[in-house]
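The values are calculated or read from the model by the stated rules, or taken from the named source; none is laboratory data. Computed from a prediction, not measured in an experiment: that's the story for all the values here. Reconstructed Cβ throughout: ideal geometry from the backbone, glycine too, with neighbour counts over all protein chains shown. Note: areas computed on protein heavy atoms with side chains; ligands, DNA, RNA excluded. Shrake-Rupley method; radii C 1.70, N 1.55, O 1.52, S 1.80 Å.
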Amino acid sequence: MPPGSAKSTYTSVLFPAWWFTRHPRTSVIAVSHTLALAQQFSRRTRETIASYGSLLGYDLLTANRGSGHWRTTSGGEYTALGVRGALTGRRADLIILDDPIRSQLEADNQRQRDTLWEWYRSSLTTRLKPQARVILVMTRWHEDDLGGRLIATNDDRWRQLRLPAIAMPDDRLGRIPGEPLWPEWEDLEALTRKRLALGERTWAALFQQSPRPMEGALFKVECLSSVEATTPTPESAIVRAWDLAATAATSSNDPDWTAGVKLMRTASGHYVILDVIRLQGSPWQVEELIHSTARSDGLMVRIGLPEDPGQAGKSQVTYFAGRLAGYRLSPSRETGSKLTRAMAIASQIEANNVSMIRGNWNRAFIEELRDFPFGRKDDQVDALVRAFSMLIDISEPARRITLPHFSR
């Protein structure tokens, strides 16, 4: 939710008081970016209970009314902590994280983001009792903040409620696009003035809950048009280029993707992104994906694979050549920085010379292009760059390899 939307009043003040009416003998740990802020929420919750105890059905224990730790007459326990505060001896049925990040400066610091993530995973979540709940309420600051990392885990135990200041399509509250979140408090005119004052990056993150990387992103994704399915002509050249994951899905909490981009150049020199496939899997699953995709694409589609320096890279290419015998294979080594390699296809996109076929892969692909080179992942970008390089270097003959049949 945007700043000033009463999210802390509802989540950190009123909700714990209500929670104890439904779960009287439970423990709550409430966390904010500083202990002082967490204690402020704690005092407001205690004031609420003191004022409405007769309606809530419980009260505060007289002998235990500290600002950071107190108990209720019904057996409930509440603890307020700052981020990275000591949790020794504490267990929770409910954890409330309210604005764990204090500023844009902190959010832009990767070391700070990593430290918060590790504290959340290794310290805070280990305090959870069986069947415990966690609530994270925050204003988004960065695409890689705590909320962003939790979303990226694709953990279906989390339910996400995103309430932008100005409604977007498919609004969770049923608002029409452009309608403000709380017009009685801040109408559209006031929000527009604030947007102009803040700039697009800050506005998108804090008020629309859609953080974007720092200005200077390479790809102008608004120039990438989407089209319906197209039929290649005999003059068209088509390739499928792959970027292989450096880490297997089982070896990292945030594993790399293996991505395959299918790109066509028409007779007029226009480029069409036909398909994008991604997988987070084991080496065997990656191998099977590349092989099955080659069968689906057909023998006329050239296959681009990275060739790492050294003997290991040569051995990998040789192995794939055996599995892809009969297909046209183009191994290539990467030279120069990722940013430099991506400039050529980025220029084509900005010149409105690239389009893509509509598909369910479009959103993730566009988001990665938009975030590059500041995003967490660039697997699809690397595959796109390799595909484009193959097409502009079409004069170089592909390595068509035919080997004797052998058993795996």
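From the residues in the range 148-175 that are closer than 17 Å to Val137 by Cβ and touching a residue at least 40 places away in the same chain (Cβ under 8 Å), which one is most open to solvent (accessible area, probe 1.4 Å)?
Ranking the candidates gives Arg162 first.
Consider the range 255-278. How many of its residues are part of a loop (DSSP other than H, G, I, E, B), in contact (Cβ under 8 Å) with a residue 60 or more places away in the chain and open to solvent by 30 Å² or more (accessible area, probe 1.4 Å)? Please lay out each step first, then the result.
The initial filter retains those residues of the range 255-278 that are part of a loop (DSSP other than H, G, I, E, B), namely 255-257, 266-270.
Cutting the leftovers down to in contact (Cβ under 8 Å) with a residue 60 or more places away in the chain gives us 256-257, 269-270.
Narrowing the set further to residues that are open to solvent by 30 Å² or more (accessible area, probe 1.4 Å) leaves 256-257, 270.
Residues in the range 255-278 being part of a loop (DSSP other than H, G, I, E, B), in contact (Cβ under 8 Å) with a residue 60 or more places away in the chain and open to solvent by 30 Å² or more (accessible area, probe 1.4 Å): 3 in total.
Can you name every residue in the range 324-334 that is open to solvent by 30 Å² or more (accessible area, probe 1.4 Å), under 16 Å from Asp297 (Cα atoms) and either part of a strand (DSSP E or B) or in contact with an Asp or Glu (Cβ under 7 Å, 6 or more places away or on another chain) (or both)?
Arg328
How many residues, within the range 335-354, are assigned to a helix (DSSP H, G or I) and open to solvent by less than 60 Å² (accessible area, probe 1.4 Å)? Reasoning before the result, please.
Here is the first cut: in the range 335-354, the ones assigned to a helix (DSSP H, G or I) are 338-350.
From what is left, the residues that are open to solvent by less than 60 Å² (accessible area, probe 1.4 Å) are 341-342, 344-346, 348-349.
Within the range 335-354, residues that are assigned to a helix (DSSP H, G or I) and open to solvent by less than 60 Å² (accessible area, probe 1.4 Å) number 7.
Among the residues that make up the range 75-89, is at least one of them loosely packed, with under 15 Cβ neighbours inside 10 Å and closer than 30 Å to Glu143 by Cα? Quick ask: steps written out before the conclusion?
As a first pass, look at the range 75-89 and keep what is loosely packed, with under 15 Cβ neighbours inside 10 Å: 75, 86, 88-89.
Cutting the leftovers down to closer than 30 Å to Glu143 by Cα gives us 86.
Yes, that holds for at least one residue.
Taking the range 359-382 as the search range and keeping residues that are among the charged types (D, E, K, R) and not in a helix (DSSP H, G or I), which one is nearest to Asp108 (Cα to Cα)? Break it down into steps so the answer makes sense when it comes.
Our first condition is that a residue be among the charged types (D, E, K, R); within the range 359-382, this holds for 363, 367-368, 370-371, 376-379, 382.
Still in the list and also not in a helix (DSSP H, G or I): 376-378.
Values: Arg376: 13, Lys377: 17, Asp378: 19 Å.
Out of the qualifying residues, it is Arg376.
Taking the residues in the range 176-195 that are touching a residue at least 60 places away in the same chain (Cβ under 8 Å) and not aliphatic (A, V, I, L, M) as candidates, determine which candidate is farthest from Trp257 (Cα to Cα).
The selected residue is Trp185.
Within the range 217-232, restricting attention to residues that are outside any helix (DSSP H, G or I), of a type in the set (A, V, I, L, M) and at pLDDT 85 or above, which residue is nearest to Phe372 (Cα to Cα)?
Filtering first and then ranking leaves Leu224.
Out of the residues in the range 295-310 meeting the condition of being touching a residue at least 24 places away in the same chain (Cβ under 8 Å) and under 29 Å from Asn352 (Cα atoms), tell me which one is surrounded by the fewest Cβ atoms within 10 Å (Cβ to Cβ).
Here is the first cut: in the range 295-310, the residues touching a residue at least 24 places away in the same chain (Cβ under 8 Å) are 297, 299-309.
Now narrow it down to the ones that are under 29 Å from Asn352 (Cα atoms): 297, 300-306.
Details: Asp297: 19, Met300: 11, Val301: 20, Arg302: 22, Ile303: 24, Gly304: 25, Leu305: 22, Pro306: 18.
This residue is Met300.
What strands (runs of 3 or more DSSP E) completely inside the range 27-103 contain at least 2 residues that are under 25 Å from Trp158 (Cα atoms) and out of contact with any His (no Cβ under 9 Å at 6 or more places or on another chain)?
Filter on the range 27-103 gives 27-32, 92-98.
Would you mention how many residues in the range 137-179 are more than 21 Å from Thr202 (Cβ to Cβ) and of a type in the set (Phe, Trp, Tyr)?
1
If you check Arg201, Arg240, Arg193, Arg212, which single one turns out to be touching a Leu at 6+ places or on another chain (Cβ under 9 Å) and over 13 Å from Pro2 (Cα atoms)?
Arg240
Do we have any residue at all in the range 125-132 that's farther than 21 Å from Lys7 by Cα, assigned to a helix (DSSP H, G or I), in contact (Cβ under 8 Å) with a residue 12 or more places away in the chain and open to solvent by less than 30 Å² (accessible area, probe 1.4 Å)?
Checking the range 125-132: not a single residue is farther than 21 Å from Lys7 by Cα, assigned to a helix (DSSP H, G or I), in contact (Cβ under 8 Å) with a residue 12 or more places away in the chain and open to solvent by less than 30 Å² (accessible area, probe 1.4 Å).
Each row is one residue, and each column tells you yes or no for (1) crowded, with 19+ Cβ neighbours inside 10 Å; (2) touching a Phe, Trp or Tyr at 6+ places or on another chain (Cβ under 7 Å).
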residue: Gly4; (1), (2): no, no
residue: Ser12; (1), (2): yes, yes
residue: Arg22; (1), (2): no, no
residue: Thr34; (1), (2): no, no
residue: Arg46; (1), (2): yes, yes
residue: Ala50; (1), (2): no, no
residue: Tyr58; (1), (2): no, yes
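Kindly check whether there is at least one residue in the range 196-216 that is touching a residue at least 12 places away in the same chain (Cβ under 8 Å), hydrophobic (A, V, I, L, M, F, W, C), in a loop (DSSP other than H, G, I, E, B) and exposed (fewer than 14 other Cβ atoms within 10 Å of the Cβ).
yes
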